[in-house]
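These notes concern the structure reproduced below.
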Amino acid sequence: MNPSIIESEKQDWKNQLKHSIKNISDLIDFFGYDNIKNSPYEFILTKEYLDVFEKIQQGFRFKVTRYYLQLANINDPFCPILLQVLPHPNEIADPYFKDKDPLKEEIHSPISNLVHRYPDRVLWYISHHCAVYCRFCLRKRKVSNPASNTFRKNISDVIDYIKNQPTIKEVILSGGDPLSLEDDSIESILHQLKNIPHLYSIRIHTRMLVTLPHRITKNLCKIFDEYYPITVVTHFNHPKELTEIVYEKVRLLRKSGVLVLNQSVLLKNINDDVKILEELFLKLIQFGIKPYYLHHCDEVQGTSHFRVKLEKALDIIKELQGRNPGIAIPKFMVDLPEGGGKVPLTPVYLKEFDREKKEYIFYNYEFKNLYRIKDL
Ligand code: SF4
């Protein structure tokens, strides 16, 4: 492992957050002016880029931890780490996607900070902070903006709402990153939720394991253990993100009874390749994380440069079948615009129904041969 990564592990998570990279001059200090000048990222040093960067900052901020940036390769024009975190001019001049909230979360918000789209679950926005601001974020309209952080003002209203809706079986703690809160705040929320008898599941959506694994401390795991069972859904997009420290932290979580799942986003030039995804999903199971969802990138304003054609996405999913064990293939999900909700998308293996013989005709997983199944 890179010695500087080992060095950074010695720092605690709050210290890492305090010393994260937040502007161009931090980036120049981190990589070195000459190294950037002689790299495919030379554009970072231009006045044009600085102007665009400043404009983008006024909406969705730039921030990345030193740990995460140490995984980057400044000489790779398609570095999967840099492409996820560097602001892109398209963010303020997107020719295709204009809607900041295409999933219509705000319309499905009966009270502030709560999204209630499906009868069985709610999503609670409990923090506007993240360790890294991912440029493809679906909630970039609020994330990184302190004005969106009203969570502490209506905790009891949210708890009362959930208590009064017995159809709610699951609460998803999200944001921003819920693990950017202090341990005692997380414990207090878990305590209140665990006292609601009709809740079956508490899920925490976090990218900390990816961008600041140091956040997974013994004390946090002790809290998760106390409120067993907790599901942590993390967000790895590329095999480079799975490091030794991540392995140790996943072990710690699992020893505390936490179910660890992963959702990835399919991102152009970052992971829209069957070999990269094959490796990512295999490494995830090797690390003790079940690949749960692969998302089609949502139509959020300023993110169309990340979007992969659906046809290509389906080809990738088709190719994964038979390459990876079933446990290492996530569901491919499309979140429909206008708040239509999530639907899984799979290649269609059913060719037709033979009415005369009363048989279904299927392609096999390679789409090479046909097989018949009697409909009794
Ligand atoms: S960690 Fe999640 S919420 Fe935060 S910026 Fe990235 S995608 Fe958005």
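Please go through region 202-226 and pick out each residue that is in contact (Cβ under 8 Å) with a residue 40 or more places away in the chain and away from the ligand (no atom under 13 Å from the Cβ).
213, 214, 217, 220, 223, listed by residue number.
Given the conditions (1) surrounded by fewer than 16 Cβ atoms within 10 Å (Cβ to Cβ); (2) at pLDDT 95 or above; (3) over 23 Å from the mean Cα position of the chain (by Cα), and given that residue 153 satisfies all but one, which numbered condition is not satisfied?
If we test residue 153 against (1) surrounded by fewer than 16 Cβ atoms within 10 Å (Cβ to Cβ); (2) at pLDDT 95 or above; (3) over 23 Å from the mean Cα position of the chain (by Cα), just (2) comes out false.
Quick check on region 123-169: of everything there that is of a type in the set (Gly, Ala, Ser) and more than 8 Å from the ligand (Cβ to nearest atom), which residue is nearest to residue 337 (Cα to Cα)?
Ranking the candidates gives 148 first.
Run residue 321 past the list (1) over 19 Å from the mean Cα position of the chain (by Cα); (2) at pLDDT 95 or above; (3) buried (at least 16 other Cβ atoms within 10 Å of the Cβ) and report the number of the one that doesn't hold.
Just one mismatch for residue 321, condition (2).
Okay, residues lined up against (1) modelled with pLDDT of 95 or more; (2) assigned to a helix (DSSP H, G or I):
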{"position": "30", "(1), (2)": "yes, yes"}
{"position": "36", "(1), (2)": "yes, yes"}
{"position": "39", "(1), (2)": "yes, no"}
{"position": "62", "(1), (2)": "yes, no"}
{"position": "82", "(1), (2)": "yes, yes"}
{"position": "87", "(1), (2)": "yes, no"}
{"position": "94", "(1), (2)": "no, no"}
{"position": "102", "(1), (2)": "no, no"}
{"position": "119", "(1), (2)": "yes, no"}
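Can you spot a residue in region 38-46 that is touching a strand residue (DSSP E or B) at 6+ places or on another chain (Cβ under 8 Å) and not small (Gly, Ala, Ser)?
No - not one qualifying residue is present in region 38-46.
For residue 118, only one of the following conditions fails: (1) farther than 23 Å from residue 220 by Cβ; (2) within 16 Å of the ligand (Cβ to nearest atom); (3) aromatic (Phe, Trp, Tyr). What is its number?
(2)
Could you tell me whether residue 242 is free of Cβ contacts under 8 Å to residues at least 60 places away in the same chain, in contact with a Phe, Trp or Tyr (Cβ under 8 Å, 6 or more places away or on another chain) and at negative phi?
yes
Kindly list the number of the only condition in (1) loosely packed, with under 14 Cβ neighbours inside 10 Å; (2) outside any loop (DSSP other than H, G, I, E, B); (3) within 21 Å of the chain's Cα centre (by Cα) that fails for residue 106.
So the condition that residue 106 fails would be (2).
Six or more apart or on different chains, Cβ atoms under 6 Å: show the pairs whose first residue is in region 138-156 and assigned by TED's automatic domain parsing to the domain that holds residue 176 and assigned to a loop (DSSP other than H, G, I, E, B) and whose second is β-branched (Val, Ile, Thr) and within 11 Å of the ligand (Cβ to nearest atom).
138/300
Could you look through region 180-189, keep only residues that are more than 10 Å from the ligand (Cβ to nearest atom) and surrounded by 19 or more Cβ atoms within 10 Å (Cβ to Cβ), and pick out the one that is farthest from residue 20 (Cα to Cα)?
189
Any chance you could count how many residues in region 299-317 are surrounded by 19 or more Cβ atoms within 10 Å (Cβ to Cβ) and farther than 30 Å from residue 59 by Cβ?
2
The values are calculated or read from the model by the stated rules, or taken from the named source; none is laboratory data. This structure is a prediction, so every number in the text was calculated from the model and none was measured. Using ideal geometry, Cβ is built from the backbone for each residue, glycine included, and neighbour counts are taken over all protein chains shown.
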